[in-house]
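Novice: To start, I am sharing the structure in question, which I have written as structure tokens.
The values are calculated or read from the model by the stated rules, or taken from the named source; none is laboratory data. Keep in mind it's a predicted model, so treat the numbers as computed, not measured. Counting neighbours? That spans all protein chains shown, and the Cβs are built from the backbone with ideal geometry, glycine included.
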Amino acid sequence: MNTESKPLPEDEPITPPFWGAQVWEPPMAEVNPFIERMSLLVGRWGFKKGNLSEGEYRQILEGEAQGHYERLLRENMEKRLFVPKATVAWMRCKPEGDTLRVFPHGGGDEVVLGFPRQKIREKLCIPDFYAPQGDVLGCLTVTVGNPAASAEMARMQEAGEYQEYFLWTGFAAEYADAVAEWAHRKMLEPIGGKRGARFGPGYPSCPDMSLSRKICEWTEAGRIGVEVTESDMLAPEMSTSAVLAHRPRARIFNTLG
């Protein structure tokens, strides 16, 4: 798909509710429902079926695994160990082929971002998801990390509480993704609700890890204690960033298929 030649019917102009960056404090009670429970239980914690029968596996998922999930969810609410924070931004942009020109709010040089194009099927590329005459680009940086949480994780390791450390580390990683989903939806509520897609640096359709630096700059991520390391990783560890494509046609895709 290449929408550079002419606007599509759904490419009506969009005005975001604000320009530039804002800091949000996501309520934990609102973020919790966005935790992908099965992703946590199976992907992060490793409760896989293997050679178990369906009945045996279901018993483990609904028993031991669910028990850990409910306990950590409750304890995190009570102790406020991993606390959600978010900073989001809206800017102007314009797609040009496989690149996206971004115009930082408040001035400064435009930034040209390059993305890989899908080699088969629809030959999608992230810039295809923005209106060719000019559009808006959303960005977000979220974290659940903080010094108190890092100290508690270190204490668990030193005390040999390895299972607890493993459970909490997986929970925190999934919780950060839940905050990103919450922020994604909140950003789009004023312009039509949940639609579009977000793309994080390091994924196949958005492989350039250095994009994290730009996103953190645009969202002013330092205001929530997030910075980028020399290797383009976010710190604290339980943090994530993404660019947001709000058009209904936007979706996650694999560049290889």
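Novice: What single numbered condition from (1) in a loop (DSSP other than H, G, I, E, B); (2) surrounded by 18 or more Cβ atoms within 10 Å (Cβ to Cβ) fails to hold for residue 195?
Specialist: Result: residue 195 fails condition (2) only.
Novice: Could you go through the stretch 171-189 and let me know if any residue there is acidic (Asp, Glu) and free of Cβ contacts under 8 Å to residues at least 40 places away in the same chain.
Specialist: Yes: the stretch 171-189 contains one or more residues that are acidic (Asp, Glu) and free of Cβ contacts under 8 Å to residues at least 40 places away in the same chain.
Novice: A further question follows. Would you check if there is a residue in the stretch 108-129 being within 19 Å of residue 75 (Cα to Cα), more than 20 Å from the chain's Cα centre (by Cα) and exposed (fewer than 12 other Cβ atoms within 10 Å of the Cβ)? Reasoning before the result, please.
Specialist: Filtering the stretch 108-129 down to residues within 19 Å of residue 75 (Cα to Cα) leaves none.
Looking for residues that are within 19 Å of residue 75 (Cα to Cα), more than 20 Å from the chain's Cα centre (by Cα) and exposed (fewer than 12 other Cβ atoms within 10 Å of the Cβ), one finds none in the stretch 108-129, hence no.
Novice: Anything in the stretch 1-40 that is among the basic types (Lys, Arg) and either at pLDDT 95 or above or not in a loop (DSSP other than H, G, I, E, B) (or both)? List them, or say none. So that I can check it myself, show each step before the final result.
Specialist: So in the stretch 1-40, the residues among the basic types (Lys, Arg) come out as 6, 37.
Residue satisfying the conditions is 37 alone.
Novice: Sticking with this one: Which ones in the stretch 224-257 are touching a residue at least 40 places away in the same chain (Cβ under 8 Å) and among the β-branched types (Val, Ile, Thr)?
Specialist: 224, 226, 240, 243, 252, 255
Novice: For the stretch 42-69, which residues satisfy the criterion of being in a loop (DSSP other than H, G, I, E, B) and surrounded by 15 or more Cβ atoms within 10 Å (Cβ to Cβ)? Please lay out each step first, then the result.
Specialist: Start the filter on the stretch 42-69 by keeping residues that are in a loop (DSSP other than H, G, I, E, B), which leaves 45-53.
Passing the criteria: 45, 47.
Residues checked against (1) under 18 Å from residue 209 (Cα atoms); (2) of a type in the set (Asp, Glu); (3) in contact with a strand residue (DSSP E or B) (Cβ under 7 Å, 6 or more places away or on another chain):
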| site | (1), (2), (3) |
| --- | --- |
| 100 | yes, no, yes |
| 103 | no, no, yes |
| 111 | yes, no, yes |
| 118 | no, no, no |
| 121 | no, no, no |
| 135 | no, yes, yes |
| 145 | no, no, yes |
| 151 | no, no, no |
| 154 | no, no, no |
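Novice: Moving on to the next point. Starting from residues that are part of a strand (DSSP E or B) and of a type in the set (A, V, I, L, M, F, W, C), keep the ones in the stretch 218-257 and report whichever is nearest to residue 146 (Cα to Cα).
Specialist: Per the criteria, the residue is 235.
Novice: Residues in the stretch 1-15: is at least one within 26 Å of residue 190 (Cα to Cα), touching a Ser or Thr at 6+ places or on another chain (Cβ under 7 Å) and among the polar types (S, T, N, Q)?
Specialist: So far as the stretch 1-15 goes, no, none of its residues is within 26 Å of residue 190 (Cα to Cα), touching a Ser or Thr at 6+ places or on another chain (Cβ under 7 Å) and among the polar types (S, T, N, Q).
Novice: Give me a count of the residues in the stretch 160-170 that are of a type in the set (D, E, K, R) and either outside any loop (DSSP other than H, G, I, E, B) or touching a residue at least 24 places away in the same chain (Cβ under 8 Å) (or both).
Specialist: Restricting attention to the stretch 160-170, the residues satisfying the condition of being of a type in the set (D, E, K, R) are 161, 164.
Still in the list and also either outside any loop (DSSP other than H, G, I, E, B) or touching a residue at least 24 places away in the same chain (Cβ under 8 Å) (or both): 164.
So the count comes out to 1.
Novice: Determine which single condition residue 31 fails, assuming it passes every other condition in (1) more than 28 Å from residue 219 (Cα to Cα); (2) surrounded by 13 or more Cβ atoms within 10 Å (Cβ to Cβ).
Specialist: The number of the failed condition is (1).
Novice: OK, next. Keeping to the stretch 63-102, report how many residues are touching an Asp or Glu at 6+ places or on another chain (Cβ under 7 Å) and among the aliphatic types (A, V, I, L, M).
Specialist: 2
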